[in-house]
Amino acid sequence: MNIQAQLLTESAGFAPLEVFALPESTPLESAQLADFLATVERPAFRIAQIALRHDQDALDAVQDAMLRLVRRYAERPAAQWRPLFYRILENCVRDMQRRRRTRNGVMAWLPWRGGGDDEQDEQDLLAQAPDHAPTPAAEAQTAQTLQALERAVAQLPARQRQAFLLRSIEGMDVAATAEAMNCSEGSVKTHYFRALQTLREQLGEYWT
Amino acid sequence: MSASEEQRLEEFARRTRNLLQHSVDHLDGATRSRLTRARYAALEQARAGGALGAVLPQWRRWLPAGAIAATALAVLIVMGQQSHAPALQASANIAGDDMELLADADGLALTQEADEDYDFYEWAVNTAQDGERGEVGS
């Protein structure tokens with residue numbers, strides 16, 4: 001079974017048969033895998049957090065992606081881990097977004113449910129915005145800018161968002177992004193360019 | 001796209017990249033701690049799964065065959081039920097006819113009228129037999 005088939009199976013919620021077991025690995029390989037996860041966990045969390053706009057869901061998505069990578073692809077060459085991991089993470093994010101849409105659809109029918117979740121999310125994001133500017137004013141400006149950027153990125157089409165975040169946060173080049181997104185380099189360039197144009201149009205006031 | 005426009009877009013990309021990477025580098029301690037715990041949990045779960053994995057793949061390989069066998073059995077059961085279906089249907093129709101006759105008031109009335117006519121038929125038969133005897137005796 002090739003990588004694409006495995007990922008399709010995986011996104012449908014089924015474990016591929018021949019790669020189910022955790023492979024026998026040496027302590028050195030396990031340490032290498034643990035090191036790899038340590039290097040991707042923060043950018044992965046930010047990518048998931050911006051896409052989902054929810055801290056706990058983002059943590060769950062990252063942990064789920066880590067688990068799937070370790071269980072199913074640990075025997076792959078280490079060079080393949082990064083694109084595989086981010087492809088799995090995107091599947092986790094989309095699964096979570098689907099579940100959330102379903103859950104919100106059901107909860108909307110309940111009479112005692114208020115509509116304040118979005119407001120709560122906005123407040124939480126504002127409270128959690130990074131706080132490392134030299135002065136309070138600059139700090140507030142950075143937080144405001146970052147929050148606006150995150151809001152705009154979250155509204156991008158999924159492929160544009162993925163291309164933009166992988167290139168901006170993970171620092172992937174076009175080739176690596178194409179591998180992680182399972183598409184051509186030309187598609188990556190198109191998605192990234194459109195994302196930049198859209199964001200710049202929406203965020204013009206924060207960047208001029 | 002003009003060169004200046006391309007340059008502005010490139011500058012925008014650089015600034016967004018710096019801002020986002022800065023936010024990654026300065027995640028708060030609580031989040032970093034939760035991520036570390038999530039990483040260890042994933043590795044630990046995978047190890048636990050690996051212990052089970054020595055056994056699970058053996059029976060998991062039989063899942064497709066089991067699924068096919070179960071499907072074949074289900075098809076056989078359904079087909080078997082369908083082959084008995086005409087007889088069951090006929091029985092149901094007969095029972096339905098009986099109930100219809102019993103419930104049919106007109107049919108019952110006709111039956112009662114027929115009972116009343118038996119006296120006439122009995123008289124006619126007796127008369128005919130008497131006539132035959134008379135003819136024989138005469």
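Enumerate the helices (runs of 4 or more DSSP H) found wholly within region B:1-66, keeping only those where 1 or more residues are within 18 Å of residue A:67 (Cβ to Cβ) and at pLDDT 70 or above.
On the way: elements: B:3-25, B:29-53, B:56-60.
In region B:1-66, the matching helices (runs of 4 or more DSSP H) lie at B:29-53.
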Every pair of residues 6+ apart whose Cβ atoms lie under 6 Å, when the first sits in region A:70-99 and is assigned by TED's automatic domain parsing to the domain that holds residue A:170 while the second is crowded, with 20+ Cβ neighbours inside 10 Å and basic (Lys, Arg) = none
Among A:67, A:84, the single one that is touching a helix residue (DSSP H, G or I) at 6+ places or on another chain (Cβ under 8 Å) and either over 17 Å from residue A:162 (Cβ atoms) or not hydrophobic (A, V, I, L, M, F, W, C) (or both) is A:67
With respect to the numbered conditions (1) more than 11 Å from every other protein chain (Cβ to nearest Cβ); (2) among the acidic types (Asp, Glu); (3) farther than 22 Å from residue A:80 by Cβ, which one is the sole condition not fulfilled by residue A:179?
-> (3)
All positions within region A:173-208 that are in contact (Cβ under 8 Å) with a residue 40 or more places away in the chain and within 18 Å of residue A:88 (Cα to Cα) = A:176, A:179, A:180, A:181, A:182
Determine, yes or no, whether residue A:65 is among the hydrophobic types (A, V, I, L, M, F, W, C), under 30 Å from residue A:148 (Cβ atoms) and assigned by TED's automatic domain parsing to the domain that holds residue A:35.
-> yes
Residue A:66 vs (1) surrounded by fewer than 21 Cβ atoms within 10 Å (Cβ to Cβ); (2) modelled with pLDDT of 90 or more; (3) within 9 Å of chain B (Cβ to nearest Cβ): all pass except (1)
Failed condition for residue A:187, given (1) within 20 Å of residue A:54 (Cβ to Cβ); (2) at pLDDT 95 or above | (1)
Considering residues that are assigned to a helix (DSSP H, G or I), more than 10 Å from residue B:46 (Cα to Cα) and within 14 Å of chain B (Cβ to nearest Cβ), the number found within region A:69-84 is 2
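The values are calculated or read from the model by the stated rules, or taken from the named source; none is laboratory data. From a predicted model like this one, the values you see are computed outputs, not experimental measurements. So basically every Cβ, Gly included, is an ideal-geometry build from the backbone, and we count neighbours across all protein chains shown.
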